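Peer 1: What follows is a single structure, and I will ask about it in a moment.
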Amino acid sequence: MKIIDQAIMDQVTLDQWNKSSGPRSLRVSEVSKIITRLLDHKDLQDIWISGEITNFKKHSSGHLYFSLSEQVSGKESVISCAIWKNAARYLDFTPKDGMEVSAYGSVTHYEPGGRYSFQISQMRPSGAGERALLIEQWRREMAGKGWFSQERKRQPPKYPVRIGVVTSSTGAVIHDIRNVISGRFSAEIILSPAMVQGCSAHEDIAQAIKRVQNMVDVLIVGRGGGSYEDLFPFNHPCVVEAIVSCPVPVIAAIGHEVDITLADLAADVSASTPSHAAEQCVPDRQGELENLHHLKKRMFLQILNRYESAQDDINSVRDRISSARLFREIGLKRESLVEITDRLIRGALVSKSHAYTHLVELRGRLDGKHPATFLKRELPEQRAFLAELSERLSSGVTVRTQKEKAELELLSALLSARGPEALFRQGFCLVQAGEKVVRSCSDLSPGDLVRMRFVDGTADASIMQVNHDKKV
């Protein structure tokens, strides 16, 4: 209403200006700024809008684009919406076309494109969507507690005496269950009436389960088909906890075959319909009679077979304990014993003979290895070998010594002929300047003192003059 009032005021101001100065010409940018100013009103900022998602698209960048629509009196209203990537990643559900949602954000005007849109920062499902999220939250919590685990599920008794039923007392469910059970097997049905829809139905269902659970052998919790909202009480934690805590097996028959509630997941057995639940509670009378007939027949045949087998065993025992048979078996055993004795004696003699032969062989081998015998046989040969070896060694040493002596004499002769003493005897001498041997006249200078070594002694001299031989 405030936006409309502001628009009227702007229009009045514009009309007054037109009357005073004639028609006014505006540029596109000016009109765009006026639109932006009008849409930037506080009543269009930070608001919640509810509607149905249409034309949903997810951009490769992560941004979400769609429209929110509403049908009113046969007319459809649509507003373009966008959720940027940084806000889209915090959504705890996946938006889809046709989903009813509540979105929080502000209306903005994109001046370059001349478009306005609703920029969303938060969004959540509304109506059934909120319930679906709540049920999913309950499901995760119950699964974490192990309420849906297969290990805790029990098998209903095959022949229950009392069957409890938690359902509406006026609905068709209790009549269907009674008809099925009465036509299959005799059992007492105890009805614990409860409201099966409504805002407080879950509390009534839980109380009905606790009221009858200690009076029956098995319990059926059921209701007929219904909408998603009608079945909502059977998803409530208090109903599921009552089923899990029930001391007797629970069969859930809620809605149609396609309807799955948390009560179905927690029950020991989940039936597609209440009639199916009744069939699972009690066996079929005719089928049980046929099974008993077959069992009786099988028992009679087994007893007959056991009797014939026992008769054969008695006859066999009678034959085995007769005197003629006993004497015959004793004779056979005696003959077998004699044969075994003979075989043992022959085997012992053969073993003794083999042992004696082996002993003689070992004694001969032992005598051959005796030290005295070995020495008598091997000592002369070893002594002759040692004498021959000593002679060969002595001869070799003599020959090697003579050869080494001849080589030594030859080397001594060569050393005497080519050594320094031979040169000294031929008139050569060795000149030393201090400790250094003079090898060239270039090493001497006039006035140097030298020592000359001869074959029979040394002489000291002083260099008077150095003459170099140019041919050298």
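Peer 1: Obtain the nm distance between the two label points defined at residue 238 and residue 71 by a simple spin-label model: each point lies 7 Å from its Cα along the Cα-to-C-beta direction.
Peer 2: Between residue 238 and residue 71, the simple spin-label model gives 3.7 nm.
Peer 1: Step through the residues of region 312-320 one at a time and calculate ³J(HN,Hα) from phi using the Karplus curve (6.51 cos²θ - 1.76 cosθ + 1.60, θ = phi - 60°), rounding each to whole Hz and writing x for Gly and Pro.
Peer 2: Rounded to whole hertz, the list is 4, 5, 5, 4, 5, 5, 4, 5, 6.
Peer 1: How far is the Cα center of region 311-345 from the Cα center of region 252-298, in Å?
Peer 2: 64 Å
Peer 1: Here is a further query. Report, to one decimal in Å, the Kirkwood hydrodynamic radius for region 125-280 based on all distinct Cα pairs.
Peer 2: On the way: mean 1/r = 0.0649 Å⁻¹.
Roughly 15.4 Å, rounded to one decimal.
Peer 1: Now, a different point. How compact and how long is region 223-371, expressed as Rg and Dmax of its alpha-carbon atoms in Å?
Peer 2: In Å, with Rg to one decimal and Dmax whole: 41.7, 115.
Peer 1: Which trypsin sites (Lys or Arg not before Pro) in region 64-120 pass both tests, a DSSP loop state and at most 12 other beta-carbon atoms within 10 Å? Kindly include the intermediate steps, with their values, before the conclusion.
Peer 2: Details: sites: 75, 85, 89, 96, 115; in loops: 89, 96.
Hits after loop and neighbour filter: 89, 96.
Peer 1: Ok, one more. Highest first, please rank the peptides 429-436, 381-388 by the mean number of other Cβ atoms sitting within 10 Å of their residues. Please report the intermediate quantities before stating the final value.
Peer 2: Details: 429-436: 12.0, 381-388: 9.9.
Output ranking for 429-436, 381-388: 429-436, 381-388.
Peer 1: A further question on this structure: Based on the inverse mean of 1/r over its pairs of different Cα atoms, what is the Kirkwood hydrodynamic radius of region 386-430, in Å? Please report the intermediate quantities before stating the final value.
Peer 2: Values: mean 1/r = 0.0759 Å⁻¹.
Taking every pair of different Cα atoms in region 386-430, averaging 1/r and inverting gives 13.2 Å.
Peer 1: Ranked highest first by average number of other Cβ atoms within 10 Å, how do 402-414, 213-225 line up?
Peer 2: Working: 402-414: 10.1, 213-225: 21.6.
Those peptides, ordered most packed to least, come out 213-225, 402-414.
Peer 1: Still on this model: Multiplying the sequence separation of residue 343 and residue 383 by 0.36 nm and subtracting their Cα-Cα distance, what value in nm do you get? If you can, show how the numbers build up before the last one.
Peer 2: Values: separation 40, 0.36 × 40 = 14.40 nm, distance 5.80 nm.
Between residue 343 and residue 383, full extension yields an extra 8.6 nm.
Peer 1: From largest to smallest, what semi-axes in whole angstrom does the chain give when each is the square root of 5 times an eigenvalue of its alpha carbon gyration tensor?
Peer 2: Numbers: eigenvalues 2706, 1295, 51 Å².
Here the semi-axes work out to 116, 80, 16 Å.
Peer 1: Extending each Cα 7 Å along its Cβ direction at residue 424 and residue 391, get the distance between those two points in nm, one decimal.
Peer 2: Those two pseudo-labels are separated by 5.3 nm.
Peer 1: If you don't mind, there's one more thing I want to ask. With runs of 4+ DSSP H residues as the only contributors, calculate the mean residue ellipticity of the chain at 222 nm using -39,500 (n - 2.57) per run, divided by the residue total and rounded to the nearest 500.
Peer 2: Values: 13 runs with 236 residues, N = 472.
After summing the helix terms and dividing by residue count, I get -17000 deg cm²/dmol.
Peer 1: If I model a spin label as a point 7 Å beyond the Cα along the Cα-Cβ vector, how far apart are those points for residue 404 and residue 329 in nm?
Peer 2: For the pair residue 404/residue 329, the computed spacing is 10.0 nm.
Peer 1: Here's a follow-up. Cα atoms only: what Rg and Dmax, in Å, come out for region 411-467?
Peer 2: Spelled out, the Cα radius of gyration and Dmax of region 411-467 are 13.4, 42 Å.
Peer 1: Please report, in debye to the nearest 20, how large the charge dipole of the chain is about its Cα centre when each Lys and Arg carries +1 at its beta carbon and each Asp and Glu carries -1 there. Write down the numbers at each step before the final one.
Peer 2: Numbers: 61 positive and 58 negative charges, 436 e Å.
Magnitude of the dipole: close to 2100 debye.
Peer 1: Of all chymotrypsin sites (Phe, Trp or Tyr not before Pro) in region 43-118, which ones are in loop regions per DSSP and have a Cβ with at most 12 other Cβ atoms within 10 Å? Before the final figure, lay out each step's value.
Peer 2: Values: sites: 48, 56, 65, 66, 84, 90, 93, 104, 110, 116, 118; in loops: 84, 90, 93.
Here the sparse-neighbourhood loop sites are 90.
Peer 1: Give me the percent of the accessible area of region 274-355 that comes from carbon and sulfur atoms, probe 1.4 Å, all protein chains in place.
Peer 2: Working: 4220 of 7040 Å².
Using a 1.4 Å probe with all protein chains present, region 274-355 comes out at 60 percent carbon and sulfur.
Peer 1: Report the GluC sites (Glu not before Pro) located in region 201-266 that are in a DSSP loop and have at most 12 other Cβ atoms inside 10 Å of their Cβ, or state none.
Peer 2: Here the sparse-neighbourhood loop sites are 229, 257.
Peer 1: Report, for the chain, the % of DSSP beta bridges that are antiparallel, rounded to 5. Can you show the working numbers first?
Peer 2: Numbers: 41 of 60 bridges.
Looking only at bridges with both residues in the chain, the antiparallel portion is about 70 percent.
Peer 1: How large is ³J(HN,Hα) for each residue in region 237-245, as worked out from phi by the Karplus curve 6.51 cos²θ - 1.76 cosθ + 1.60 (θ = phi - 60°), to whole Hz, x for Gly and Pro?
Peer 2: Ordered by residue, 3J(HN,Hα) equals x, 5, 5, 5, 5, 5, 5, 5, 7 Hz.
Peer 1: Something else about it: Rg to Rh ratio, region 293-382, alpha-carbon atoms and Kirkwood radius? Intermediate results must be reported in sequence, preceding the final value.
Peer 2: On the way: Rg = 34.6 Å, Rh = 20.7 Å.
With Rh from the inverse mean 1/r over Cα pairs, Rg/Rh is 1.67.
Peer 1: What are the extents of the Cα atoms of region 51-113 along their three principal axes, listed from largest to smallest and rounded to whole Å?
Peer 2: 37, 32, 20
Peer 1: Before I look further, what does the chain give for accessible area per residue, probe 1.4 Å, in whole square angstrom?
Peer 2: Details: 33340 Å² over 472 residues.
The answer is 71 Å² per residue.
Peer 1: Separate question: Quick check: the angle from helix 172-184's long axis to the longest principal axis of the chain, C-alpha only, nearest 10 degrees?
Peer 2: In the chain, helix 172-184 runs at an angle near 70 degrees to the longest axis.
Peer 1: Applying the Karplus parametrisation 6.51 cos²θ - 1.76 cosθ + 1.60 with θ = phi - 60° to the phi angles of region 408-424, what ³J(HN,Hα) value in whole Hz is obtained for each residue in order, glycine and proline being reported as x?
Peer 2: Once rounded to whole Hz, the list reads 5, 5, 5, 5, 5, 5, 5, 5, 5, 6, 10, x, x, 4, 5, 5, 4.
Peer 1: If amide H atoms are built 1.01 Å from N in the plane of the peptide, which residues on other chains or at least 5 residues away come under 5 Å of the amide H of residue 116?
Peer 2: Placed amide hydrogens put 110 under 5 Å from residue 116.
Peer 1: Just to be sure I follow: if Rg is taken over the C-alpha atoms of region 204-296 and Rh is the Kirkwood radius over the same atoms, what is Rg/Rh?
Peer 2: Ratio value, two decimals: 1.07.
The values are calculated or read from the model by the stated rules, or taken from the named source; none is laboratory data. Note that this is a predicted model, so its numbers are computed, not measured. Every residue, glycine among them, receives a Cβ derived from its backbone with ideal geometry; neighbour counts consider all protein chains shown. Areas reflect the complete protein model, heavy atoms only, side chains present, ligands, DNA and RNA absent. Shrake-Rupley method; radii C 1.70, N 1.55, O 1.52, S 1.80 Å.
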